[in-house]
């Protein structure tokens with residue numbers, strides 16, 4: 001193993017938590033946790049991410065463990081429900097984990113299967129606000145066709161469409177053609193080294209995530225650059241990562257939308273107790289600690305512990321963090 005900076009990553013441990021559904025192809029979520037002078041933090045880029053992309057997550061994790069949280073404008077954050085691309089008969093079971101949430105983000109592939117999920121969601125929660133998350137998978141022609149069909153069938157139930165296309169030029173064209181707002185996720189977090197100052201031409205809302213953005217200071221810098229209303233969202237974190245995301249949401253003076261920070265509900269268990277699952281549609285902003293009985297229960301194997309330590313050591317050396 002490369003030199004692992006154990007003086008920075010105190011009490012380093014890796015957990016592997018089963019997911020309740022197949023979320024982005026993941027059935028077990030691996031997460032590394034550690035403590036610092038300010039408390040516990042989490043390093044959890046998805047295993048397929050490169051060292052370059054993961055280095056941003058590591059900067060966020062180290063900042064959160066050793067730097068006081070930013071000033072908070074609120075201590076309670078409105079939360080949206082997150083519905084993976086499941087079969088319609090599973091919708092009710094997923095949504096029951098998001099008690100009191102009046103906004104639902106639905107992961108979709110196309111109009112036909114997506115419309116079934118929207119219809120089932122509205123049957124269960126009439127009047128709820130709907131967000132569609134496409135993860136940039138549509139071409140411009142597909143986006144125009146599918147979104148026309150969604151609007152024709154469901155009307156104005158859509159709060160926004162998240163990352164319908166990948167191309168900036170396609171998004172600009174789409175924005176001028178559709179009646180829905182466009183939210184930008186991958187356009188931001190996959191282009192942190194690029195120029196984000198023109199993104200308002202392509203979208204209406206900025207999805208900002210604590211770890212993929214590089215932490216609190218970096219997230220605010222991004223928000224100031226894009227000059228769009230923000231939604232703080234998660235990356236299937238444990239309660240430790242969610243707590244930092246909640247603090248990020250609380251640190252924005254203006255927060256006009258519910259945030260995507262209820263995704264602990266998609267895991268078999270949190271490693272914090274009580275679990276950070278929304279109550280009456282909200283989550284409170286508090287620093288949290290792991291429950292060590294749960295950490296032990298979900299502790300990853302020795303070879304996975306070693307893999308994550310090597311990953312941290314490689315990133316630390318390569319990017320001189």
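Quick look at the values:
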| read-out | value |
| --- | --- |
| Checking residue 303 against (1) outside the structural domain of residue 259 (by TED's automatic domain parsing); (2) within 22 Å of residue 36 (Cβ to Cβ), the condition it does not meet | (2) |
| Qualifying position, being assigned to a helix (DSSP H, G or I) and either assigned by TED's automatic domain parsing to the domain that holds residue 200 or at pLDDT 95 or above (or both), among 132, 147 | 147 |
| Given (1) within 13 Å of the chain's Cα centre (by Cα); (2) modelled with pLDDT of 95 or more; (3) more than 16 Å from residue 284 (Cβ to Cβ), number of the condition residue 232 does not satisfy | (3) |
| 3 or more residues out of contact with any helix residue (DSSP H, G or I) (no Cβ under 9 Å at 6 or more places or on another chain): qualifying strands (runs of 3 or more DSSP E) within the range 1-79 | 10-23, 26-36 |
| Answer from 168, 158 - the residue that is buried (at least 16 other Cβ atoms within 10 Å of the Cβ), in the same structural domain as residue 134 (by TED's automatic domain parsing) and in contact with a strand residue (DSSP E or B) (Cβ under 7 Å, 6 or more places away or on another chain) | 158 |
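The values are calculated or read from the model by the stated rules, or taken from the named source; none is laboratory data. Computed from a predicted model, the values in this text were never measured in an experiment. We place every Cβ from the backbone using ideal geometry, glycine too, and count neighbours over all the protein chains shown.
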